[in-house]
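Heads up: the structure comes next, in structure tokens.
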Amino acid sequence: MRIPVLLFVVILLSGCGSLPGYSHPTSPTPSPALVSITLNQPLTVRPDRASEYIQYGEVEPYDKISEYHPHCIFELRTLSEQARTVQADTFSVTAIKRDRFMASMAGVMLAGGGDGYNMVMSSTVLSLHSDRQPEVLRLTCQQLDDPYRVHHLTVEEMQNTLGGLFTLQ
């Protein structure tokens, strides 16, 4: 009687290792050949924040965006108690990294519902540099999707997401 119970506990605990998801760097499609990004108008980062979300060409708070649609995150290096305005500028792209994060729903399955379904966040991270505005860190464009539809955003999809705020070159 003890062996079946012990076996059940071992199987149950081994499944818990995948609950938080995992990060898996990938690059199944070529990385975009971006050299620079131009911020076409000043962008204000709110107080106590180091980033702003952009979707459909508009700066939006996180709770107003849909992760299931392309969105980008413009990031500064540090937090500040004061609002900061990044001036229109051209930033060189110093590195491009693509990543995928699988968010497992195994916890729902173990609780008696669901089927262990996974969603995948594909992101393209563009490291940025400007001598005039060294506080600017990066621009990340991403989308949460079903595993069978997952893809990294194309340059055209990123440009559409950013609208007229930025121009990708």
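The values are calculated or read from the model by the stated rules, or taken from the named source; none is laboratory data. Remember, it's a predicted structure, so these values are computed and weren't measured experimentally. Every residue, glycine as well, gets a Cβ built from its backbone with ideal geometry; the counts of neighbours run over all protein chains shown.
Summary table below
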quantity: So residue 124, is it assigned to a strand (DSSP E or B) and either modelled with pLDDT of 80 or more or under 13 Å from residue 70 (Cα atoms) (or both); calculated: yes
quantity: Every residue from region 53-76 that is outside any loop (DSSP other than H, G, I, E, B) and of a type in the set (S, T, N, Q); calculated: 55
quantity: Pick from region 136-153, criterion assigned to a strand (DSSP E or B) and in contact with a helix residue (DSSP H, G or I) (Cβ under 9 Å, 6 or more places away or on another chain), ranking: nearest to residue 95 (Cα to Cα); calculated: 139
quantity: Matching option when the condition is under 15 Å from residue 123 (Cβ atoms) and at pLDDT 60 or above, among 103, 88, 50; calculated: 103
quantity: Extreme residue, surrounded by the fewest Cβ atoms within 10 Å (Cβ to Cβ), among residues of region 44-89 that are closer than 25 Å to residue 119 by Cα and of a type in the set (S, T, N, Q); calculated: 66
